[in-house]
Amino acid sequence: MKILYVTSEAAPFAASGGLGDVMGALPAAVKAADPENCDVSVILPLYGQVTDAQRKKMKFLTSYHIRYSWRDEYCGVFRTEVNGVHYYFLDNEHYFKRPGGLYGQYDDGERFAYFSMAVVEFMLRMNQIPDILAANDWQTAMTVVYLRTKYAENPALRGVKTVFTIHNIEYQGKFDPYILGNVFGLEERYKSILEFDGCLNLMKGAIVCADRVTTVSPNYANELRHAFFACGLQNMINMYAYKICGVINGIDTVYFSPDKGGDIVKPYDAKTVREGKAANKMALQEELGLTRDPSIPMIGMITRLTHAKGIDLLLHIFDELMQENVQFVLLGTGDDSYERILETLASRNGQKARALIKFDRGLSKRIYASSDLFLMPSKSEPCGLSQMIACSYGTVPIVRAVGGLYDSIIPYGAPGSIGFQFNNFNAHEMLFKVKDALAVYRNQPEWDALVQRAMHADFTWKKSAEQYLNLYRSIR
């Protein structure tokens, strides 16, 4: 079975968030789940952010031109291999060798329409016809649409089955209907596939055209049936519910492993977690200028600073939280208003709180390793990876029971509990749950047992990879 993952990012080559982490791990896990019967490939743009060292390991295969609408664009093809997975890179410096982030360019619609068509052309020109094409989020949605429209009569592609994964429905790829032909190169007769609520909606088009649609957790798949979570697409989700399911993500348990060291002061495992956390906590306290005392419970938070991540709840009760005997460390970037107020709140709490407004993978590991509790009060959370990473470091998560947080964290009081949950998007409900967690923290035997269960929770990709494989086999 040939599986081709189409993505706009994949770690370690180019990543801006959870999608990149998933595409850096899931393909290898699928390959490992059935190495004799699966040929797994990933295809993505060759961004300027790809390092020279990574480029030196690539082999140039060929180049050709993509003609869509009135455009004629160059496409170079490079290949490398990682963990048994073939990674293909499509090169076009005009679209992808640009400063700044991977997205947010004025012509994102054109850039990813080009990439999507270039992927289909790659399949034909390189004779790389997959059994399963797995597209991810709006940036690659047009690969699914093109296969069912522009290339529908091509006999070489008729056997390709498509799976479209919604990693975050908040970002749907909305564009002016005027550019249907001018940018996307589609005839007017296909407009109804993409048109939704007065615009062209690429995610909607992929939901209509795909053989199967997945989301990144079972609970998120159910939530998307409701307007509160679906960002306007709830009717489409309900209409095509028969082909939608949720498969929860995993994490790289080698990269996120406290016993491997890597950016933390003292490596530790489940047997040495108490001593390891104390040493890492004191080192982080010294690094950040906090009071050095390993007995003070530390609450960590590593997040994008947006409304969806529940930052408003934190702001509302921050002063009350600081009345507790705790330390609080936050790492992240996002909305300017959140960045400024969090820095202000932290600075006026002296040696009890720090707001670190930056992106720093090494520092994030030190926070995971040093913290006792990890806060994730999300308003919506398709899957979430941070709560899983926290568990692997023996850091007990406090999460809102939403999306993948509900699926992954068994709440305290239930059999096999590994963390704490609160239900409503309410600041004081969150605060009371933090106080409940602090009460358990003060009960050393109970706390140690909770930490052990968290560290032994299975968040590997193995189970998820097997679920995806079963899905692929069912439609092949």
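In debye to the nearest 20, how big a dipole does region 40-84 give about its Cα centre with +1 on each Lys and Arg Cβ and -1 on each Asp and Glu Cβ?
Working: 7 positive and 4 negative charges, 22 e Å.
Roughly 100 debye, rounded to the nearest 20.
The modelled label-to-label distance between His307 and Glu275, using points 7 Å beyond Cα along the C-beta direction, is 5.0 nm. Using a simple spin-label model with pseudo-atoms 7 Å out from Cα toward Cβ, Ile129 and Glu324 lie 6.0 nm apart. What you get for the chain, charging only the Cβ of Lys and Arg (+1) and of Asp and Glu (-1), is a dipole of about 680 debye around the Cα centre.
Under 22 Å of direct C-alpha separation, and excluding same-chain neighbours fewer than eight residues apart, Lys463 reaches these lysines: Lys2, Lys31, Lys243. Which value in nm describes the separation of the simple spin-label points at Tyr103 and Arg225, placed 7 Å from the Cα toward the beta carbon? Distance between label points: 2.7 nm.
Express the carbon and sulfur contribution to the solvent-accessible surface of the chain as a percent, rounded to the nearest whole number, probe 1.4 angstrom. All intermediate terms of the calculation are to be shown ahead of the outcome.
Details: 9360 of 19200 Å².
Ligands and nucleic acids excluded, carbon and sulfur give 49 percent.
If a spin label sat at a point 7 angstrom from the Cα of Asp293 along the line to its beta carbon, the backbone N atoms of region 245-283 nearer than 17 Å would be those of 278-279, 281-283.
If you filter region 8-115 for GluC sites (Glu not before Pro), then keep DSSP loop positions with at most 12 other Cβ within 10 Å, what is left?
Working: sites: Glu9, Glu36, Glu73, Glu81, Glu93, Glu110; in loops: Glu9, Glu36.
Sparse-neighbourhood loop GluC sites (Glu not before Pro): Glu36.
Bridging of Lys435 to lysines at a Cα separation below 17 Å is possible for Lys352, once same-chain residues fewer than 8 apart are set aside. If every alpha-carbon in the chain counts as one equal scatterer, what log10 I(q)/I(0) does Debye give at q = 0.09, 0.11 1/Å? For the chain, the Cα-only Debye profile gives -0.63, -0.92. Going 7 Å from the Cα of Asp39 toward and past its Cβ, which residues in region 143-167 have a backbone nitrogen under 19 Å from where you end up? Under cut-off, by backbone N: 155-163. Ranking Tyr151, Ala355, Pro377 by Cα position along the charge dipole of the chain, where only Lys, Arg, Asp and Glu carry charges on their C-beta atoms, puts Tyr151 farthest toward the positive end. Under 5 Å between amide hydrogens, which residues at least 5 positions from Phe422 or on another chain qualify, with H placed 1.01 Å from N in the peptide plane? Residues meeting the amide H criterion: Val399, Arg400, Ala401.
Of Phe115, Phe228, which has the most accessible area with a 1.4 Å probe, and how do the rest follow in descending order? It would help to have the intermediate numbers written out before the result.
On the way: Phe115 0, Phe228 130 Å².
Ranking Phe115, Phe228 by accessible area, largest first, yields Phe228, Phe115.
For the chain, the solvent-accessible area with a 1.4 angstrom probe is 40 square angstrom per residue. The spacing between region 402-443 and region 1-40, judged by their C-alpha centroids, is 32 Å. In the chain, the calculated helix contribution to ellipticity at 222 nm averages -11000 deg cm²/dmol per residue, counting -39,500 (n - 2.57) for every DSSP H run with n ≥ 4.
The alpha carbon centroids of region 153-199 and region 311-369 are separated by 41 Å.
The values are calculated or read from the model by the stated rules, or taken from the named source; none is laboratory data. Since this is a predicted model, take the numbers as computed values, not measurements. Counting neighbours? That spans all protein chains shown, and the Cβs are built from the backbone with ideal geometry, glycine included. In case anyone asks, the SASA skips ligands and DNA or RNA and just uses the protein heavy atoms, side chains included. Shrake-Rupley method; radii C 1.70, N 1.55, O 1.52, S 1.80 Å.
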